[in-house]
Amino acid sequence: MVQRYDITKANEGLGLWVTPNGKMDLQLEKSLKKVNTWSERLHRSFLNQKEAYIGSNTTIFKTIEYVLPGTLFTEAQCRILERALYRHLMGKLGLTTKFPLAYNFGPHEFQGAALLEMYMAQMIGTLMVFLYHANIDSQLHTTFILSIETVQLEIGSNRQFFTTSYYDYGSLTPPSWFSRLWESTTKYGVCIRKPDSDITPPRQFDCALMDKAIEAKVFTRQELCSINRCRLYLQVFYLSDIVSGNGRHILQEAEEGYLLSQRRSRWQWPRQTRSPP
């Protein structure tokens with residue numbers, strides 16, 4: 001028997017506390033508790049600078065890095081963890097908190113302190129897991145394909161979502177493992193592209209509705225989300241999905257916000273209720 005849980009309930013697995021709705025509050029709480037415990041012990045210790053550096057790289061850094069590929073921490077949440085982690089460690093290492101972040105997190109070859117930057121480490125770990133399973137026959141490979149197709153359907157873009165800007169399209173999809181990876185790759189200028197991954201429109205001169213809505217640059221983010229919710233409810237992707245056969249008129253049902261009786265999509269769409277008038 002498969003037991004059902006509330007989407008806000010988290011269960012531990014391999015050191016991760018993840019809820020079905022993607023919230024990281026409990027994981028952040030558990031990680032902070034580990035970091036604070038380690039930091040207080042470090043503060044009371046008599047370790048010299050070298051011992052503190054080796055100790056941090058072989059203990060708490062590894063504990064944090066182990067779970068990062070499976071987390072959905074925002075950059076702000078990573079900074080919260082870093083402040084707790086480096087509260088006492090910086091002094092033990094003979095560093096000051098007034099140093100720029102580029103120095104603290106930069107590699108030794110560029111005269112940096114090579115400390116753990118969690119948001120970057122999360123992106124690298126996630127990216128490595130994704131690239132590895134994207135090219136082998138595994139259960140995660142199948143899960144990744146399904147997740148990618150779901151995100152693509154949710155944002156309604158004709159272009160593979162990793163090649164678009166998260167800051168333009170990211171608000172159209174709920175938080176997920178892929179949306180967090182997408183956000184970080186956009187921030188750091190990393191492009192993931194599969195050849196011939198763009199979707200071919202069914203008609204000549206056809207276009208994806210959300211691509212045109214975003215390119216117009218006349219809608220606020222909230223308005224774009226409202227438009228996208230209507231699109232998901234109607235289960236339409238292209239302009240051709242809501243216009244007449246000759247392409248000259250928008251169908252009355254689509255214009256009034258009702259499911260199209262004569263056109264049914266074969267795709268499996270996310271659940272979306274009808275928006276109020």
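Below are the figures for this structure:
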item: Among the residues listed as Leu131, Leu153, the single one being crowded, with 18+ Cβ neighbours inside 10 Å and not polar (S, T, N, Q); result: Leu153
item: Residue that is surrounded by the most Cβ atoms within 10 Å (Cβ to Cβ) [pool: residues in the stretch 244-262 that are part of a loop (DSSP other than H, G, I, E, B) and under 33 Å from the mean Cα position of the chain (by Cα)]; result: Leu260
item: Failed criterion for Phe73 (all others in (1) under 18 Å from the mean Cα position of the chain (by Cα); (2) aromatic (Phe, Trp, Tyr); (3) in a helix (DSSP H, G or I) hold); result: (3)
item: Per-region count, the stretch 231-243, residues over 26 Å from the mean Cα position of the chain (by Cα) and either aliphatic (A, V, I, L, M) or assigned to a loop (DSSP other than H, G, I, E, B) (or both); result: 3
item: Residue in the stretch 212-230 that is in contact with a Leu (Cβ under 9 Å, 6 or more places away or on another chain), on the phi < 0 side of the Ramachandran plot, in a helix (DSSP H, G or I) and touching a residue at least 60 places away in the same chain (Cβ under 8 Å) present; result: yes
item: Only listed residue being surrounded by fewer than 15 Cβ atoms within 10 Å (Cβ to Cβ) and in contact with a Ser or Thr (Cβ under 9 Å, 6 or more places away or on another chain), chosen from Val218, Val190; result: Val190
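Just so you know, all these numbers are worked out from the coordinates, no wet-lab data involved. Quick caveat, the model's predicted, so the values are computed rather than measured. Cβ atoms come from the backbone with ideal geometry, glycine included; neighbour counts cover every protein chain shown.
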